[in-house]
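The values are calculated or read from the model by the stated rules, or taken from the named source; none is laboratory data. From a predicted model like this one, the values you see are computed outputs, not experimental measurements. When we count neighbours, we look across all protein chains shown, and the Cβ atoms used for this are built from the backbone with ideal geometry, even at glycine. Heads up: the accessible areas ignore ligands, DNA and RNA and are worked out on the full protein's heavy atoms, side chains in. Shrake-Rupley method; radii C 1.70, N 1.55, O 1.52, S 1.80 Å.
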Amino acid sequence: MAKSQARYSAEFREQMVELVRAGRSPHELAEEFEPSAQTIRNWYYQAERDAGNRSDGLSSEEQAELRRLRQENRQLREEREILGKAAAWFARESKTIPP
């Protein structure tokens, strides 16, 4: 399942995070701007993880690596399945194994 394009620019998210760091509450910012308070909180927490200030989740870099590794793993499983089917087909065609 592919995610849709980001609704808010990286600059906007960074501005919201900086405002939270400056003392504004996510709820206050949500009333003034469009994103929900929880969305702003999520951006703030992720920025804190990326900065090394929180350890309750993966940094953005770690998330990207995990996505890449999962995709690579999925591709390798598909390739292994295809190769297994091809090997079985060739073995049947060359009559090296009983039908």
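Values computed for the structure shown
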read-out: R49 vs. criteria at pLDDT 95 or above, farther than 18 Å from F12 by Cα, part of a helix (DSSP H, G or I) and in contact with a Ser or Thr (Cβ under 8 Å, 6 or more places away or on another chain); value: yes
read-out: Selection within segment 57-92 - within 30 Å of R13 (Cβ to Cβ) and open to solvent by 90 Å² or more (accessible area, probe 1.4 Å); value: E61, E65, R67, R68, R70, Q71, R74
read-out: Count - residues of segment 15-47 that are of a type outside the set (G, A, S) and over 21 Å from G57 (Cβ atoms); value: 10
read-out: Residue among E18, E28, E32, E11 that is surrounded by 14 or more Cβ atoms within 10 Å (Cβ to Cβ) and more than 17 Å from the chain's Cα centre (by Cα); value: E28
read-out: Single condition K95 does not satisfy, out of (1) open to solvent by 70 Å² or more (accessible area, probe 1.4 Å); (2) modelled with pLDDT of 95 or more; (3) more than 15 Å from the chain's Cα centre (by Cα); value: (2)
